[in-house]
Every structure is written in C-alpha cells, then in structure tokens.
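What follows is a set of notes on a single structure, which appears directly below.
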Amino acid sequence: MLKFIVKKLLEIVPVLLIISFIVFTLVFVAGDPVALMLPDDATQEDINNLREAMGLNDPFIVQYGNYMLGVLQGDFGDSFRYNTAALPLVLERLPATLELAAASMVIAILIAIPFGIWSATKRNTILDLFVTGTSVVAKAMPNFWLGIMLILIFSVTLGMLPVSGHGTWQHLILPAITLGTGIGAEMTRLVRSSMVDILNQEYVRTAKSKGINRFFVVYKHAFRNSLIPVITITALQISTLVGGALITETVFSWPGLGQLLIQAVNTRDMAIVQASVFVIAILVIVMNLIADMLYRVLDPRIKY
Amino acid sequence: MKSNVILKVEDLHTYFRTSSGDVPSVNGVSFEIKEGETLAIVGESGSGKSVTSLSIMGLIEKPGEIRKGKILFGDVDLAKVSESQYRKLRGNDVAMIFQEPLTSLNPLFTVGNQISESIKLHQGLDKKQAKIKGIEMLKHVGIPRPEKVFDSYPHTLSGGMRQRVMIAIALSCQPKLLIADEPTTALDVTIQAQILDLMRKLSKEEHTAILLITHDLGVVAEMADRVAVMYCGQVVEFGDVYSIFDNPLHPYTQGLLDSTPKFFEENEVLTSIKGTVPTMDNMPKGCKFCPRCPLAFDKCMEAEPQLKQLDNGRQVRCWLIEQEEAIS
Amino acid sequence: MSEQITTVEKEIPYTQVKKQSGAGKILKSLLRSKTGLVGFIIVFIVAFIAIFAPWLAPFDPGAMDVTKILKPPIWIDGSDPAHILGTDNLGRDILSRIIYGSRVSLLVGISAVALAGIIGLIVGLVAGFYGGIVDMILMRLVDSFLAIPNILFALVFLAVFGASVPTLIIVIGVTNWVAYARIVRSEALSIKEREFVKAARSIGVRNPLIIIRHILPNVISSFIVISTLSVASTIILEASLSFLGLGIQPPTISWGGILSDGRDYLATSWWLATLPGLAITITVLGIIFLGDWLRDILDPRSQGRG
C-alpha cells in the first residue's frame, strides 16, 4: 500500500512540472506585468528599473528556472492587488472551497445511490424513466443557471434561505445543491448502468439461488460490486466538481478559491492565477489518489 | 430405485416478452425426478434447457415469465408460491450450481462469507457455528486446507476449486434436489471427471436428486439415470440412459449421438447435424426439427407431432414412430 | 462474458434486423428512438434559428427602447404585445436576443470541438505511432490536462489573451482535445502492430496513407459520438465563461451574457435570467439526446445496454 502511494505520488511530479511550464509560458507570452504595477505617470526609466529588478530582462529559461526555484519554496510571487505573497492568499480560501465541494459530493451521493439502484432494479418502469429523464435534464442544465433558479425560488420568492454569503449551514444549502445536482445526475446514470450490469452477473443469480432476500442480494452482493466502476469514473469527475465549484462560488459570492481566482483573472493578477492553478491541480490529483485507494480497498482482486 | 417423486414438472410454459410478441422458450415440458435419481436434460443452446432449470429455481425474470404449468416440489406448486416461501426453499431444499465457477462466486467476498451466508440463513446457526459447518463442507467436497480456503477470495482459487466451492455451498443445507447447469463445461477435462465423481458420490451419500443440464452426452452417459432430450423448448425424446444410448428413436437424438466421439470405435465417422436451431420468428410450421432432419417427409412439414408414450416409459415426439406403429 | 448468459440470451430470440440501405436504416432507427428523434428535432430547430436569425428575430437585438424597460413576457400582466418574451433593463427585446444568442453558442460550440478533434487526432497519432519518449511526454501532457478542470485552463488562457470569440474558440479547443487523443492513440497502437501495416510499411507505404486508410475509419464513429456530446459541454462552458464576464463580450450577444445581465433583476424581473437558461438547457438536452442515439447506433459495444 505504502509503495503504491509513493509510486502514485512520484507520478504527480511530471504532471505538476508540465502544468507549471504551460502556465509559466502563457504568462510569459502575455507580456510583463510592470505596466500594471506602476502608477500611470511612471517614466520609462522607472519601468526599466523595475523590469531589471524583477529579472524580466533575463532569457525565458532563466526566468523559468528562477520561478521554479521559488515554487519549490512555496513562493509564487506577490499578488500586486493584495501586495502580499500569493500562495497564503490562495490557501486561506481553500477551506471554503473544500467545504462546498464536500457538501456537494455528499448531496450527489445521497441522490445517486438510492435513485441509481432504485431505477436499476425497476428497469423500464415509469420510475426508471423518471429517474433517467431527470438525470439527463439535470446534466443539461448549466449549474450557474440552476444556482440562479434556486436563488429565485428559495431566496427571492420564498425567502427561506440567504441569497449569498458564507457562515451558517443555511448559506451552504443552495450552493451545495447547485453543485451537487450535476455531479449527482452523472453519478445516478453511472450507478444505474453499473447496477444493471451487475444484476445480470452470475454471482447475483447464485446469491438468489441461495434464497437470500432481495434486499441483501441488491445491497450486499450487487451494490458493492457496482461501486467499483462508479468510483473509477467518479474520480474522473473530480475535476468537473472543482471546476463547477469555481462557478458556483461566483454565483453565491462564496468566499472560496473560485471567487479569488476569477477576480484575479479579471484583474490579471497572475501570481494568484498561477498559485491557484497549482493548488487546484494538487487538490484534484490528491482526490483522485484517494478514489484510487478506495477502489483498491473495495476490490480484493487488485494487488498493490 | 425408490419411487419417491421429488419434483414433478407438468406442462411447463415459460415465455419471454419481446418487441415482436411473446415467445415460448419452454413450451410444454413435463418430467419428474425421484429421490436419489439423476435426470439429464440434453440439448443445444437455445433448446430451453437452461430456462427450464431457472423456471424451477424461480429465477426467471422479466421479460420472462412462467405462463402455464405446474412445478410440484413435494406438495408445493413452485409456479404459484410467494417469493418469500420460495426463498425458504431456495438454497435449502433446492440448490443450484452454475457453469462458470469464476463468475458464479462474488469476487468481493471470501469463500467463507459466501458459504456461511446460506448456512446462517437456512439453519439458523451463528457466525462461529456457520464457520465450523462451512469448513466441514469444504473438506467434504475434497478441498485441501479448508480453513485457509475459507478465508480466501474466489480469484485466488483454480477453476476446479471454485466449482468445488460452489458444490459445497449448494450442498451445505442438504438439499433434496440439486440443479447443475453445465457444471463441468468450463473446466479442464481432468477436472471435469473429478467434479462429476464428486457429484455422484455426494448424491449417493445424501440421496440428493440431481437435475443435470448439459449439452455433453459424455457427461450424460457418466452421470444420468434418465435422459430428456430437448429441442426448441420441447422434450423430443425421453427414456432411461441405456435405451437412449443403445437405441435412439428421434432423429435429433441420433444426430446428437453421431456427433459425439465414442471410445472403442475405430474408423468412426463423426457427423454433425446440419443447420442451426431455428430462431423463434422463423419457427417451422410442422415438426420443429423438420428443416434439419435427414428423414423428414411430407407430414413433418404440415403438422407437429405429439409426444408419444412408448413401452418402458420412453417418450418420443416424431412422426416416424407414429408411422411405424400404424404399419405394424 | 460467460457462456451461461449467452445461452439464456440466445433463448430469447431477437428479431433479425433486415438489411437496408444506409440512409433508410438511419432514418428508421431515428424514428424508432423517441429521444433520438426529439434530439434531432431540437438540434435542427436551433440550427435553423441560428442560421436565419436576422429574418426570424422580430427586433434588432441591440435596439434599446427606454420607454419599454423590463416588460414581462406576454402571458403576464403588464406586458407589451410586441415583445413576446418581454424586454430587459435597456428595453431590448428578449426573444430577439435569445435568437441571436444561439449563433454564438453554436459557432463556438462547433468550431471549438472541431479544433479539439484536430488537435486530439494529431497528438493521438503522433503518440501512438512514434511511441517511446514522444508517447511518454504526450501522455503526461494528457494527464496534466486531466488534472486541471477545463474551465480553469480556459480561465488562465483568457486572463492572458483577453476575451473574444476567436480566443474563446481556441481556448476551448485547446483544453478539450484529451478525449480524442486517447482514442486515436489506442487505435494507432493496436493498428501499428498488425501484419498488414508492417507489410505496408515494408514496401514503403507512407504513414499518412496508413493513417487515412486504416485508422480514420476505425475512430470515426467514436469521434462523431464524442464530438456531439462535447458540443453540448462546450456550449455550457462558453455560457459559463460568458456568465462570469470572461467569455463573449458585449455587444456580441450570448446566452450566458443575457443571463448575467438578468441576474441583477432577479427580484423584479425573473424572466431575464430564466429564459436564456432555458434556451441553453433545451439546446444542450437536444444535443445529448442526439449524441446518445448516435452512440447507440454507431458504437457496437454500447448496444443492448440498459
């Protein structure tokens, strides 16, 4: 197990290298940030001095090397908007994003497992049609629109929940539903098709032939097996989840990474953009690693 | 042979609903099995033999259903009992083993878990007792180091071992009837013989009746007391194993025998039955075997023969037999 | 799969599909699949609207009319009969704006997917055919793109290059090629090893010919299916970026942009944010239906799945 984790962690290194390279190149191409950092009445000399001081006159490869040295020490440069180091700013916002992502995942699972199983065991009934139909529609809805519709219904019209913000559990409900619905819809489809597959397996028939009741056949023998493909594919959805979180945060003014990042993109605050991309990539990779481990725990056939 | 009838199937019809209408997969099958007896149902795939066995186990699922007929197990008609009553019988009085021992065992649970499950359920034993009984059963079916196998996962065992585990699970509650659906088809030849020996030995000891579903006449010859030959959802010939092998009456049975290699015969010519089993949407009007039958004549194309009772309990569904009788 | 299941399956007879000519067969299958037909009709209508927008739109979508601001749709009291779906905060006709908005959605959706397909094809072929270190580097690149949400990459690109329709198409194209690359690579890997390719190479047939003759036919159906479904996700991505104010910029009209404008008037004029969202949802739903149907007829592996 340990060996497996170490191996997986080592695989992350080239991925992060490539990501850092792409992002750095993009920023390099974008031109220098000096103009944005100095007051409008700065002289050409001021600009040149600052460029020299920041190492912006060095060749690309030297700049990249210096940048990577900084990154290894957790230094992504300073945000010119906040005038402090970028990484702490990003990390400060991380818990709120994780909170939202976790709550959404819980909602997605609470939707997907019962409805997916239910519709698989009652295949081609009206219920199944309803579940599959709803999940396709939910998948087709852009999640920012769903968020706005939820605000319209529950906050503006019914006045039950706050429109935006962060702090209490009431604040969490609408954003979590917004983000959880799309993922939940996709997972429902997955659970359903996986269960349909598994319910046709022979070991399920063996279980039935032992006289085990339907509940145990479905939940003990079929469900655990069906989770294996579900986890594998859900792991691929993690980046969708994180991407969705970025948008959902903006809709609900949720003070997470997404909000910070989108502000940064708008103001071209590249240090924050770079630090965010790194943090998000690591987040996605770690969540994938957890999914991978979970799936190995569930399936005794896989050796480390 | 004792005459206690364990299972009596009468005029069983199992249909599958398809987009082009209801299709009979089992179409009026009747037979009975006595205590300690082995009855083999033989036929090509598509003959309805597996559906017959699943009908008896009550494992036919939509779009299939038992449309007509009785499945008498003792006094109970299995075609009519409730699902909860059925569950008490399944795994307890009637047990089943399947063809593919790899896919018949749940990969995520240990052998012990899967064998104890049945024991705990039907015999009301607790976990500890079930483990003792489970290990005893594994030993009984000839598994070396049963304690270790009990805690293993199925994928770590060989095919033969897995099938032994399946048999141990099936026999763990001393069923009166064991349904074995192609139990050796997926196994190596040497392992096949071992598994057949084991089944024969256990059925002798426990007086378990066996319903053996197979396409392999070699297995039939080795195991069965009586044989039902099925074609297109119907029994076309029925009789004890010796008379079927010595004197097959139906051209289909003859064809099956001619396509099976035999020992002790030199210069043997193996022939195969030409054509394939017809699909349900182009079922011939008369005798269903007629398009493939080397001996077919006019009448075969026009009307379907009935299953005719002959002496010594044999039954045949063929116009040739009817004709012979009419002549004599 | 085991023989057991096949046996049972064989005993449920399937009606044999009669052989028909290609087009007739596709039409028949479309008529049989209800969702496929619905999807086809929706996509057809949206495409029609996008192409003929200038003739279909009752008003100039940019024309403001301060005397008629925030009018509701005609089925609600206080509406203006000329504006079927009402007007926005500047008195612009919502229906006309939604009609014009379809143009950007489809333009960006289709072009970005085409670009992604071309990049994926090239990367996949290069990785699959050359193998070795090239393959390793390209596959790490694929991993990197998988580790980062599409929208995040798009945001970084937009931050650097600024927002415009061509940038958006390039950005989305460049962030969505991974799925194609994987399919083409695995196909190329398996084909490379086959005897006829080795033989063809040994007599000097060039790689491009091998690619055209042997790889394209094998990946084309997967390509069609993935492309269709990616158009759906691309439309959502474009709308999301436009909604965030980082995608399509005014005065170009996009559904995401209309929605973003309407967000400030939720309390008083709910239709502003609701209707463009509905347009996106229906369009995307139609494309998903069409894509699922295409997968059913083109991908033999998915056939018979529930």
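The values are calculated or read from the model by the stated rules, or taken from the named source; none is laboratory data. Quick caveat, the model's predicted, so the values are computed rather than measured. Glycine also receives a Cβ, built like all others from the backbone with ideal geometry; neighbour counts cover every protein chain displayed. Quick note on the areas: whole protein, heavy atoms, side chains included, nothing else; ligands and nucleic acids left out. Shrake-Rupley method; radii C 1.70, N 1.55, O 1.52, S 1.80 Å.
Answer yes or no as to whether C:T274 is open to solvent by 10 Å² or more (accessible area, probe 1.4 Å) and among the hydroxyl-bearing types (S, T, Y). Reasoning before the result, please.
Numbers: open to solvent by 10 Å² or more (accessible area, probe 1.4 Å): yes; among the hydroxyl-bearing types (S, T, Y): yes.
When the stated conditions are applied, C:T274 passes them.
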Selection status of C:I49, open to solvent by 40 Å² or more (accessible area, probe 1.4 Å), away from chain B (no Cβ under 14 Å) and at pLDDT below 80: no
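I want to confirm something. Restricting to segment A:164-185 and keeping residues that are under 30 Å from A:A222 (Cβ atoms) and open to solvent by less than 40 Å² (accessible area, probe 1.4 Å), which single residue is nearest to the other protein chains (Cβ to nearest Cβ)? Walk me through how you get there before you give the answer.
From segment A:164-185, those under 30 Å from A:A222 (Cβ atoms) are A:176-177, A:179-185; that's our starting set.
Okay, now just the ones that are also open to solvent by less than 40 Å² (accessible area, probe 1.4 Å), so A:176, A:179-185.
Values: A:A176: 18, A:L179: 12, A:G180: 16, A:T181: 12, A:G182: 9, A:I183: 12, A:G184: 16, A:A185: 11 Å.
In this case the residue turns out to be A:G182.
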Only residues in segment B:114-125 that are at pLDDT 85 or above count as the first member; pair them with residues that are open to solvent by 20 Å² or more (accessible area, probe 1.4 Å) and of a type in the set (S, T, N, Q), Cβ under 7 angstrom, at least 6 apart or cross-chain, and list the lot. B:H122/B:N92
Restricting to segment C:64-94, give me the number of residues that are outside any loop (DSSP other than H, G, I, E, B) and not hydroxyl-bearing (S, T, Y). 4
Checking C:A179 against (1) closer than 30 Å to A:V279 by Cβ; (2) open to solvent by less than 30 Å² (accessible area, probe 1.4 Å); (3) small (G, A, S): exactly one of these is not met. Which one? (2)
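Would you check which residues across segment B:88-110 are open to solvent by less than 20 Å² (accessible area, probe 1.4 Å) and in a loop (DSSP other than H, G, I, E, B) and list them? Spell out the reasoning first.
Kept after step one, since they are open to solvent by less than 20 Å² (accessible area, probe 1.4 Å), are these residues of segment B:88-110: B:90-91, B:94-99, B:101, B:104-109.
Selection gives B:G91, B:F98, B:Q99, B:L105, B:N106, B:P107, B:L108, B:F109.
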Got a number for residues in segment B:111-143 being open to solvent by 30 Å² or more (accessible area, probe 1.4 Å), out of contact with any Gly (no Cβ under 8 Å at 6 or more places or on another chain) and either under 20 Å from A:F216 (Cα atoms) or among the polar types (S, T, N, Q) (or both)? 8
Given the conditions (1) farther than 23 Å from B:P175 by Cβ; (2) in contact with a helix residue (DSSP H, G or I) (Cβ under 8 Å, 6 or more places away or on another chain), report the number of the one that B:L12 does not fulfil. (1)
Would you check if there is a residue in segment B:66-87 being facing another protein chain (nearest Cβ under 9 Å), in contact with a Ser or Thr (Cβ under 9 Å, 6 or more places away or on another chain) and in a helix (DSSP H, G or I)? no
Quick check on my filter: what residues within segment A:140-156 are more than 7 Å from chain C (Cβ to nearest Cβ) and open to solvent by 40 Å² or more (accessible area, probe 1.4 Å)? A:I153, A:F154
Go through segment B:127-155 and give me each residue that's hydroxyl-bearing (S, T, Y) and touching a Lys or Arg at 6+ places or on another chain (Cβ under 9 Å). B:Y153
Considering segment C:254-285 alone, what residues qualify as being free of Cβ contacts under 8 Å to residues at least 60 places away in the same chain and closer than 17 Å to A:G182 by Cβ? C:G256, C:L259, C:G277, C:L278, C:T281, C:V284
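Matching residues to (1) more than 8 Å from every other protein chain (Cβ to nearest Cβ); (2) farther than 22 Å from A:L9 by Cβ; (3) surrounded by 18 or more Cβ atoms within 10 Å (Cβ to Cβ):
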residue: A:F252; (1), (2), (3): yes, yes, yes
residue: A:V265; (1), (2), (3): no, yes, yes
residue: A:A271; (1), (2), (3): yes, yes, yes
residue: A:A275; (1), (2), (3): yes, no, yes
residue: A:V286; (1), (2), (3): yes, no, no
Unmet requirement for B:S47, which otherwise passes all of (1) open to solvent by 10 Å² or more (accessible area, probe 1.4 Å); (2) within 14 Å of chain C (Cβ to nearest Cβ): (1)
Looking at (1) open to solvent by 60 Å² or more (accessible area, probe 1.4 Å); (2) outside any helix (DSSP H, G or I), which is the one condition that is false for C:S269? (1)
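Considering segment A:201-225 alone, what residues qualify as being open to solvent by 60 Å² or more (accessible area, probe 1.4 Å) and more than 7 Å from every other protein chain (Cβ to nearest Cβ)? Reasoning before the result, please.
Going residue by residue through segment A:201-225, those that are open to solvent by 60 Å² or more (accessible area, probe 1.4 Å) are A:214-216, A:219, A:224.
The answer is A:R214, A:F215, A:F216, A:Y219.
Where residues in segment B:170-191 are part of a helix (DSSP H, G or I) and open to solvent by 10 Å² or more (accessible area, probe 1.4 Å), which of them is farthest from B:I135 (Cα to Cα)? Give the derivation first.
Here is the first cut: in segment B:170-191, the ones part of a helix (DSSP H, G or I) are B:170-171, B:189-191.
With open to solvent by 10 Å² or more (accessible area, probe 1.4 Å) added as a condition, the list becomes B:171, B:189-191.
Details: B:L171: 13, B:V189: 27, B:T190: 25, B:I191: 22 Å.
Across segment B:170-191, the extreme among qualifying residues is B:V189.
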Give me the pairs: first residue in segment C:147-162 and within 13 Å of A:N266 (Cβ to Cβ) and at the interface with another protein chain (Cβ under 7 Å from one of its Cβ atoms), second residue surrounded by 23 or more Cβ atoms within 10 Å (Cβ to Cβ) and of a type in the set (K, R), beta-carbon distance under 6 Å, and six or more apart or on different chains, which are they? none
Anything in segment A:288-304 that is facing another protein chain (nearest Cβ under 9 Å), charged (D, E, K, R) and open to solvent by 20 Å² or more (accessible area, probe 1.4 Å)? List them, or say none. A:R301
Within segment C:248-266, can you find the residues that are facing chain A (nearest Cβ under 9 Å) and open to solvent by 70 Å² or more (accessible area, probe 1.4 Å)? C:R263
Residue ID - farthest from A:I198 (Cα to Cα), chosen from residues in segment A:91-113 that are open to solvent by less than 60 Å² (accessible area, probe 1.4 Å) and over 15 Å from the mean Cα position of the chain (by Cα): A:I111
Pick from segment C:126-166, criterion modelled with pLDDT under 85, open to solvent by 40 Å² or more (accessible area, probe 1.4 Å) and not aliphatic (A, V, I, L, M), ranking: farthest from A:A235 (Cα to Cα): C:S164
